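Taking it in order: structure first as structure tokens, then the write-up.
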Amino acid sequence: MGDGPRLTGKAVVVDGDTVKLGKDTIRIHGIDAPEQSQSCARAGGGSWACGKAATAFMAKLVKGREIACRPVERDRYDRIVAKCFVSGRDLGRETVGAGLAWAFTRYADDYVDAETSAKSRRLGIWQAQSEPALTFRAKGWESAATTTLQEDCPIKGNISAKGEKIYHMPWSPAYAKTRINVSKGERWFCDEKEAVAAGWRAARWK
């Protein structure tokens, strides 16, 4: 897929490492940002809203600008994984370098140097020991599977007052307060690919 056509346009931010370009969902290659509802440890004690900060940072990078994305592959949820740029700036490198995402070394090592730099300067998620987003998601999934009685399919497919079909992952900020009414056409999903195929979209940052 790396040789495919570039995708360009104005992006809608979903979270710190995901954007929408038209109907395409783009997962930024090589990074893993804190989830929107995630908090990270603060230097000297306490916590800060690292997930919101990562999402806001991505939104600031792309606001009012055209981005260009070079597809690398599709992930298991059928999202396009791509390296994306704004005015020559690599969105993945910028986010990791600001200490607002981990280098996702499980899949790529493109931004290990940027992570090393951010870590040495104790920027963002590196100011104190924080839980990686991967671990945060795993715990969220496990908790949701236990508390919702939907062990294998805890993703909530909600229909908004405007009729929009929106799915909420177990770590989404609105997950806990979202109620599913099956009689109104709302439903549960087992994974994101299933939700997207059924016509639902991911909950956005605002």
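Where a number appears in this text, it was derived from the coordinates with a stated rule and is not lab data. For clarity, every value in this text was computed on a predicted model and none was experimentally measured. FYI the Cβ positions are ideal-geometry reconstructions off the backbone, even for glycines, and counts take in every protein chain you see.
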Worksheet entry | segment 1-153 - Rg (one decimal) and Dmax (whole number), Cα, Å | 15.7, 47
Worksheet entry | Evaluated at q = 0.15, 0.22, 0.29 Å⁻¹: base-10 log I(q)/I(0), Debye formula over Cα of segment 40-101 | -0.58, -0.97, -1.20
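Treating the beta-carbon of each Lys and Arg as +1 and of each Asp and Glu as -1, no other charges, what is the dipole magnitude of the chain about its Cα centre, to the nearest 20 debye? Could the numbers behind the result be given before it?
Details: 34 positive and 25 negative charges, 183 e Å.
Roughly 880 debye, rounded to the nearest 20.
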Practice prompt. For ARG201, list long-range residues whose amide hydrogen, built 1.01 Å from N in the peptide plane, is under 5 Å from its own amide hydrogen.
Written response: LYS165, ILE166, TYR167
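Based solely on its DSSP helices, what 222 nm [θ] is calculated for the chain when runs of n ≥ 4 H residues each add -39,500 (n - 2.57) and the sum is averaged over all residues, nearest 500 deg cm²/dmol?
Details: 5 runs with 50 residues, N = 206.
When only DSSP H runs of four or more count, the value is -7000 deg cm²/dmol.
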Item to complete: Kindly provide the GluC sites (Glu not before Pro) of segment 133-206 that DSSP labels as loop, not H, G, I, E or B, and whose Cβ sees at most 13 other Cβ atoms within 10 Å.
Response: GLU151, GLU164
Worksheet item: Over segment 134-202, one equal point on each Cα, no solvent: what is log10 I(q)/I(0) by the Debye formula at q = 0.11, 0.18 Å⁻¹?
Response: -0.23, -0.61
Practice prompt. Please report the relative contact order for segment 7-130, taking Cα pairs under 8 Å with a sequence separation of at least 6, and give it as a percent rounded to a whole number.
Written response: 27 percent
Worksheet item: Taking amide hydrogens as modeled 1.01 Å from N in the peptide plane, which residues meet the under 5 Å criterion relative to LYS83, leaving out close sequence neighbours?
Response: HIS29, ARG70, VAL72
Discussion item. Between ASP113 and LYS162, what is the label-point separation in nm under the 7 Å Cα-to-beta-carbon projection?
Written reply: 4.3 nm
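I need the calculated FRET efficiency for the pair LEU123 and SER183, taking r as the beta carbon distance and R₀ as 45 Å, to the nearest 0.05. All intermediate terms of the calculation are to be shown ahead of the outcome.
Working: r = 49 Å, r/R0 = 1.08.
Between LEU123 and SER183 the formula returns 0.40.
Tally Lys/Arg at +1 and Asp/Glu at -1 over every other residue whose Cβ is under 9 Å from the Cβ of MET169; what's the total? Each step should come with its number before you reach the end.
Numbers: positive: ARG137, LYS156; negative: GLU35, GLU192.
Around MET169, the surrounding residues sum to 0.
Stokes-Einstein diffusion coefficient for segment 70-120 at 20 °C in a medium of 1.002 mPa s, Rh from the Kirkwood formula over Cα pairs: what value in µm²/s? Mind dumping the intermediate values first?
Numbers: Rh = 11.6 Å.
Result for D is 184 µm²/s.
Net charge near CYS190: determine it from the other residues with C-beta under 11 Å of the C-beta of CYS190, scoring Lys and Arg +1 and Asp and Glu -1. Don't skip to the answer; put the middle values down first.
Values: positive: ARG187, LYS193; negative: GLU151, ASP152, ASP191, GLU192, GLU194.
Computed value for this residue: -3.
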Worksheet item: Once the convex hull of the C-alpha atoms of segment 95-176 is built, how many Å³ does it hold per residue, rounded to a whole number?
Response: 136 Å³
Worksheet item: Say R0 is 35 Å: what FRET efficiency, to the nearest 0.05, do GLU142 and SER87 get from their beta-carbon distance?
Response: 0.30
Item to complete: Treat each spin label as a single point 7 Å out from the Cα along the C-beta direction, and report the ARG201 to TYR77 distance in nm.
Response: 1.5 nm
Worksheet item: Along the charge dipole of segment 134-202, Cβ charges K/R +1 and D/E -1, which of ALA138, ALA174, LEU149 sits furthest on the positive end?
Response: ALA174
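What pairs from LYS83/LYS184; LYS10/LYS165; LYS119/LYS193 go past 30 Å between their alpha carbons? Intermediate values should be presented prior to the final figure.
On the way: LYS83/LYS184 39 Å; LYS10/LYS165 22 Å; LYS119/LYS193 34 Å.
Table pairs above 30 Å Cα-Cα are LYS83/LYS184; LYS119/LYS193.
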